[in-house]
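See structure below.
The values are calculated or read from the model by the stated rules, or taken from the named source; none is laboratory data. Quick caveat: nothing in here was measured; it's all calculated off a predicted structure. All Cβ positions, glycine included, derive from the backbone under ideal geometry; neighbour counts span all protein chains shown. Quick note on the areas: whole protein, heavy atoms, side chains included, nothing else; ligands and nucleic acids left out. Shrake-Rupley method; radii C 1.70, N 1.55, O 1.52, S 1.80 Å.
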Amino acid sequence: MLRNYFKIAVRNLRRNKAFAFINITGLAIGMASALLIGLWIENELGVDRFYTNKDRIYHMYSREIDDGNVIAWGRAPSPLAPELKTTYPEVEDASRFRTVYFLMIKDQARYNLEGAFADSGFLSILDFPLLEGNARTALNSPRDIVLTQHVAKNLFGNEDPMGKTVLIDSNRQFRVTAVLKDLPPNTEFTFQYLIPWSYVDELGWDPLATGWRITNAGAYVLLKPGTSQTAFDNKVRHIIRHHVTEGQGFDREIFSQPITREHLYSRVENGQLVAGSLRTVRLFILIAVFILLIACINFMNLSTARSAKRAREVGIRKVAGALRSSLIGQFIGESIFLAAIAFILALGIVKLALSAFDQVIGIPLTLDLTGIGFWLFSIGFVIFTGILAGSYPAFFLSAARPVKVLKGAVDKVNTLVSARKILVVLQFTFAIILITSTLIVENQLQYARGRDAGYDRNRLAFVFAQGDILPHYDAIKQDLLSTGTAIGVTKTFSPMTRVWGETTGYSWPHSTTGDKNLYFTQFEADADFVKTTGTHLVEGRDIDMLNHPTDSFAVLLNETAVRIMHLDHPVGALIKDVSGVNLHVVGVIRDFIIANPYGTIIPMIIRGLSTGYPVIHFRLNPDRPLAADLASAEKIFKQYNPQYPFEINFVDDIYNAKFRSEQQEGTLGALFAALTVIISCLGLFGLAAYMAESRMREIGIRKVLGASVTGITVLISGDFIKLVLVALVLAIPVTWFAMNSWLHGFTYRTRITGSVFALAGLLAIGIALLTVSYQAIRAAIANPAMSLRSE
């Protein structure tokens, strides 16, 4: 019997090549899209879930109330991890973690790489695979270093790196004690080497006086088996309060986040970590389901559209004694057979498209065809898709009554409501939802990008002050300005696009005890900050440590800080920091975006530069070619800092990178919306061909009675346009609800307007017209004598 069913399926494919091609191609595109989304979702759900003790690893967060809002962030005070490890019996191990950039030198090889400081327990807690070395002892000594595989290869070639030395920061020798396998794509960590935390102390980057007040380190803990996270959080919640003796009212809390939830639950809402990336995962699960459904709907539509031909076969089989169950089995079997062919084609599409898809999402994905798990999934996927696609045609055709079938009364093409029309409406409803959602994501991106950043990003660049840059800063600045390479140069504590310092504890005239808990972004700069960065001075003057030596105690406030501090006359006001140092306000600058371009502006205090680890900002001359400016800047920096490569960072590029996540969502949405439209159009094209064929006699009679080609084309096309309009009406409320919820995740957001739905509707109608017009015109210009000959 199965052999007979197989023969019938093959004969039907040969007899209806065009419809078989449309069916298989549409199903293959749908399956390929679902597979690509599935690979991405598998990677997202697996982020940082590969550790041996993943269910006992936690990342420590800080939380406090700031200006009435509960905020939380993933950094903690430096002393926290050692305190947890030594004092709390629930903690099996704990480690600090802090990223850093250092120049790494081995003979002639020089690389400026991102690494991290970590305690000795880091590799025992987060057991990344080691190629060489011992995870428990790799960071025990102050001059140990752990390299990733590709860094070790670049530095030592084919030599064994174990025990060999490299230079860090030009002159510090470190001994290689372990080699890590390159970090997998499904981790939040990006370091390329690890060095002991004791080097932070050696550099003097960890001030002891304010150690428990400043959150400047990541903290990871491994809890002992059976430890309750809730009980642990309750126990450590007020640990900072116990160590901060000065400044009453300082009540920053500590809580833990399981590392398995770190990636998916990354959004802070009222001090709680809620679904962040998980929202995107859920969204694309729905998109995958939609696309697969649309492909299956195509199959259903085209199968039932050909029902007249297959129904006679069914009628004869029933007269011959075939049971309905066997007929259903036959049609389901045929659809599974087609699904299997489509799946093979889909695998080819995925293989061809995977590299391009990787570039879109920025993550290297792999399709492993060798695992038994993959093939078990594939068989289940094919059977599920085949049953889903073939169920309605199977039950529809098997239900036909032999008497009516053999008389030719099977399907009424022009009924007001039919299952086929409902399926077409569903197809285009999904397509319009995806098109509209993509347009709204793009609008949000453009709205945020168009937001006034508060400073001029054009040709504003920075370099990290490594090596001999700081000792020669004055000469470098003079050369950049005198050669016309730059029109402004300044030192800052951090780049204009990053927050490296946050603090509380400030007081000012008429401030209250509770005001010491207000949260400020702390920036530091020396002379020419306003001139170089293009920020706007509202009142007062810029910090100028050259002409005003006391400006090391000067501050600039942004407008939000002035408003929160209720300073009527801010210039000249005295404020006091957490250490009791008196500072004087010399100017007020307009609010500018330093972190999240979608978020609210945080109050900012810009102090005179006091740290030994700043960043050099400079604005390249806009009146000269950019290439000439870059060549000149590189020559100047190499002259004074020959050991280090010249690595320039453009503020505009980094600012635009802040939109990468939403840009990725928009690009993926547009890609899968396009695929949805293609699949829908394939089905619509086939359905239009069937409709035109079914109405040939009607069209012939209309032409004999004087109907024009245009009129007949409009008649046939109009039926489909009505269905698209119904789909638009259904799609509007669904899209508005879903995208309105998505937009509420942004503080700074656009509005959903009717023009978006109008544009999506016009696109859908235009696409439908283009799809069916060929078949409609072809039917309209056909010779009526040919269609009426048998009458």
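Full extension of the segment from Leu131 to Ala707, taken as 0.36 nm per residue of separation minus the current Cα-Cα distance, would add 199.4 nm. Taking all protein chains together and a 1.4 Å probe, the residues Thr504, Thr86 rank Thr86, Thr504 from largest to smallest accessible area. You can think of it this way: the chain between Arg449 and Arg751 has 107.2 nm of extra reach, that is 0.36 nm per residue less the Cα-Cα gap.
For the chain, what percent of Cα pairs sit more than 50 Å apart? Tail fraction, whole percent: 34. The label point for Ser579 and the one for Arg241, both projected 7 Å from the Cα toward the Cβ, are 2.7 nm apart. Based on the Cβ-Cβ distance of Lys17 and Thr667, what FRET efficiency does E = 1/(1 + (r/R0)^6) give at R0 = 41 Å, to the nearest 0.05? Working from the Cβ atoms, E equals 0.70. Annotation: Met739 carries an accessible surface of approximately 10 Å², with a 1.4 Å probe and no ligand, DNA or RNA atoms counted.
Looking at the range 482-575, the accessible area is 41 square angstrom per residue; that uses a 1.4 Å probe and ignores ligands, DNA and RNA.
Here r is the Cβ-Cβ distance between Asn53 and Ile372 and R0 is 25 Å; the resulting FRET efficiency, rounded to 0.05, is 0.35.
Computed over protein heavy atoms with a 1.4 angstrom probe, the accessible surface ordering of Thr533, Thr280, largest first, is Thr280, Thr533.
With respect to the chain, whose longest principal axis is taken over its alpha-carbon atoms, helix 17-45 is tilted by about 20°. Dividing the mean sequence gap of close Cα pairs (under 8 Å, 6+ apart) by how many residues the range 435-573 holds gives a relative contact order of 21 percent. For the chain, the longest principal axis of the C-alpha atoms and the axis of helix 660-694 are separated by about 0°.
The portion of the accessible surface of the chain made up by carbon and sulfur, rounded to a whole percent, is 58 (1.4 Å probe; DNA, RNA and ligands excluded). Need the C-alpha centroid separation for the range 51-128 versus the range 271-285, integer Å. Taking the Cα centre of the range 271-285 as reference, the centre of the range 51-128 is 24 Å away.
Solvent-accessible area of Arg449, all protein chains in place: 80 Å² (probe radius 1.4 Å, heavy atoms, ligands and nucleic acids excluded).
Within the assembled protein chains, the solvent-accessible surface assigned to Lys17 is about 140 Å², based on a 1.4 Å probe.
Normalised by the number of residues in the range 118-238, the average gap of Cα pairs under 8 Å and 6 or more apart makes the relative contact order 29 percent.
Heavy-atom accessible area, probed at 1.4 angstrom with all protein chains present, ranks Phe395, Phe343 as Phe395, Phe343, highest first. Counting only Cβ charges, +1 for Lys and Arg and -1 for Asp and Glu, the dipole size of the chain around its Cα centre is about 5600 debye. Working from Cα pairs under 8 Å separated by at least six residues, relative contact order for the chain is 15 percent. Summarising the label geometry, the points placed 7 Å from Cα in the beta-carbon direction at His150 and Asn112 lie 1.9 nm from one another. Centre-to-centre separation between the Cα atoms of the range 732-779 and those of the range 492-568: 46 Å.
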